[in-house]
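Asker: Once you've had a glance at the structure underneath, I'll fire off some questions.
Throughout, read-outs are computed from the coordinates displayed, never taken from laboratory work. No experiment lies behind these values; they were computed from the predicted model shown. Here the Cβ is made from the backbone with ideal geometry for all residues, glycine too, and neighbour counts use every protein chain on show.
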């Protein structure tokens, strides 16, 4: 009774506190970090990240932000684990390359030995990709351990049965009807003063937030189809990507799915704009109804003038309803997908899709 009362009482103020202090991105730092990382990968392939050329037959699945924990009250991955396992089985059977875009493990709160022991099924499915040489593992801020601990290579080999390189990013390259396209992938925490693994952030997570979250069993990740405009950090990522000709940027980190530079709510606004331009009264009315369900009354509409569709965010694999979201690149398409429980069975759902040809023509 007391536990439920405290959970109800504290969930919203803790959520506001987390939102205020969880992220402090600085535009200058973000832009510089992304530019330097991209250039480093291109000039020194394999050091901070691989450069991979791909053709129409190659397929990629990009997931991020599992935050695998230890199956206690603060483990935000546990509810989504069966969706994740089913998804990896599907993509492995269909010969996808898996790019894990960071924060795969929650290592600010937990030690890797216990995370490894408590997530053997998920690691076994990831190992299947590594065995096929179809696994790229990128670190984030909550699993910086993989990049900076001298024992990390030992644990990686124990988990995956072979040596695994850890990268800060990756670049995919292809040609679409003679037009070169680069896809730059990184976790997205770079330039964020609160999310770069600094000692205070790690201490606060381990000693204050983690125990409180465990006791109250809180998961502050909103449903995968959220009702918000882009976060400040996602908007900075978009601003950087919009200045890069012939490039798509895919990140994680914010747990907010973004497709063609738009969140779900922003896409509704965009569809309403297009319907008004074509005088489609029925669609305008439908979009207004959908938007009004999701926003405060008289909230200003975003301006999409000059928007470029080059930024994507994979979302996360730890939504509070058990959904997971990711980005597929396959068959000439890029898709935002989610896996959700339907009668307790994981099901793949395509949320958005566009051909790479359409995309590169509009960059």
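Asker: Please list 30-40, 91-101 highest first by mean number of surrounding beta-carbon atoms within 10 Å per residue.
Answerer: The densest-packed peptide leads the list: 91-101, 30-40.
Asker: Among 250-256, 316-322, what's the highest-first ranking by average C-beta atoms within 10 angstrom per residue?
Answerer: Per-residue mean Cβ counts within 10 Å order the peptides as 250-256, 316-322.
Asker: Quick check: residue separation of residue 292 and residue 280 times 0.36 nm, minus the Cα distance between them. What number comes out in nm?
Answerer: 2.5 nm
Asker: Related question: Out of the DSSP beta bridges found with both residues in the range 34-193, what percent are antiparallel (nearest 5)?
Answerer: Beta bridges within the range 34-193, antiparallel portion: roughly 40 percent.
Asker: Further question on the same structure: Could you line up 167, 307 from fewest to most neighbouring Cβ atoms inside 10 Å?
Answerer: Ordered from fewest to most neighbouring Cβ atoms within 10 Å, 167, 307 come out as 307, 167.
Asker: Sort 281, 258, 51, 136 by Cβ crowding within 10 Å, fewest neighbours at the top.
Answerer: 281, 51, 136, 258
Asker: Here's something else I'd like to know. With the contact rule set at Cα under 8 Å and sequence spacing of 6 or more, what percent relative contact order holds for the range 29-126?
Answerer: The value is 31 percent.
Asker: Starting from the Cα gyration tensor of the range 288-363, multiply each eigenvalue by 5, take the square root, and state the resulting semi-axes largest first in whole Å.
Answerer: Semi-axis lengths for the range 288-363 are 25, 23, 10 Å.
Asker: A further question follows. Please report 355, 263 as a ranked list, fewest other C-beta atoms within 10 angstrom at the top and most at the bottom.
Answerer: Sorted ascending by nearby Cβ count, the order is 355, 263.
Asker: Would you mind calculating the relative contact order of the range 270-363 from Cα pairs under 8 angstrom and at least 6 residues apart, reporting the percent as a whole number?
Answerer: Relative contact order comes out at 17 percent.
Asker: Going highest first, how would you order 329-335, 61-67 by mean Cβ packing within 10 Å?
Answerer: 61-67, 329-335
Asker: Semi-axes of the equivalent ellipsoid of the range 63-181: what are they in whole Å, largest first, if each equals the square root of 5 times a C-alpha gyration tensor eigenvalue?
Answerer: Largest first, the range 63-181 gives 25, 17, 14 Å.
Asker: Beyond 12 Å, what share of the Cα-Cα pairs of the range 228-277 is found? Please give it as a whole percent.
Answerer: Roughly 65 percent, once rounded to a whole number.
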